[in-house]
Amino acid sequence: MEHTTRTGESRLVRKCSYPLTALGVVKRVYTNLAVLDVTAEGFVVQEMISGLTLRGLQEVTGAPLRMAQ
């Protein structure tokens, strides 16, 4: 999926504003910028596109990120 909307807003947010029908089902998200795991502590970055830094990814993401160990 695209990491941001057409207007530049992040699709990955701290808290969903829509009603949830399957809480806790998604374990991994693939975007055009990165591969992120969904954990109880938040998003964990597994991979990023070449040339992108964690800081750059965080600037376009509406939730805290951390790098995988």
Original post:
Based solely on its DSSP helices, what 222 nm [θ] is calculated for the chain when runs of n ≥ 4 H residues each add -39,500 (n - 2.57) and the sum is averaged over all residues, nearest 500 deg cm²/dmol?
Top reply: -2000 deg cm²/dmol
**OP:** First obtain the Kirkwood hydrodynamic radius of the chain from its Cα pairs, then insert it into the Stokes-Einstein equation at 10 °C and 1.306 mPa s, and state the resulting D in µm² per second as a whole number.
**Re:** 127 µm²/s
Subject >> Qualifying GluC sites (Glu not before Pro) for the chain [loop in DSSP, other Cβ within 10 Å: at most 10] >> reply: Glu2, Glu9, Glu41
**OP:** State the percentage of accessible surface on the chain attributable to carbon and sulfur atoms; use a 1.4 Å probe and exclude ligands, DNA and RNA.
**Re:** 54 percent
**OP:** Give a quick list of trypsin sites (Lys or Arg not before Pro) in region 1-46 that DSSP marks as loop, anything other than H, G, I, E or B, with at most 11 other Cβ atoms within 10 Å.
**Re:** Arg6, Arg14, Lys15, Lys27
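The values are calculated or read from the model by the stated rules, or taken from the named source; none is laboratory data. Remember, predicted model here, so these are calculated numbers, not experimental data. We place every Cβ from the backbone using ideal geometry, glycine too, and count neighbours over all the protein chains shown. Heads up: the accessible areas ignore ligands, DNA and RNA and are worked out on the full protein's heavy atoms, side chains in. Shrake-Rupley method; radii C 1.70, N 1.55, O 1.52, S 1.80 Å.
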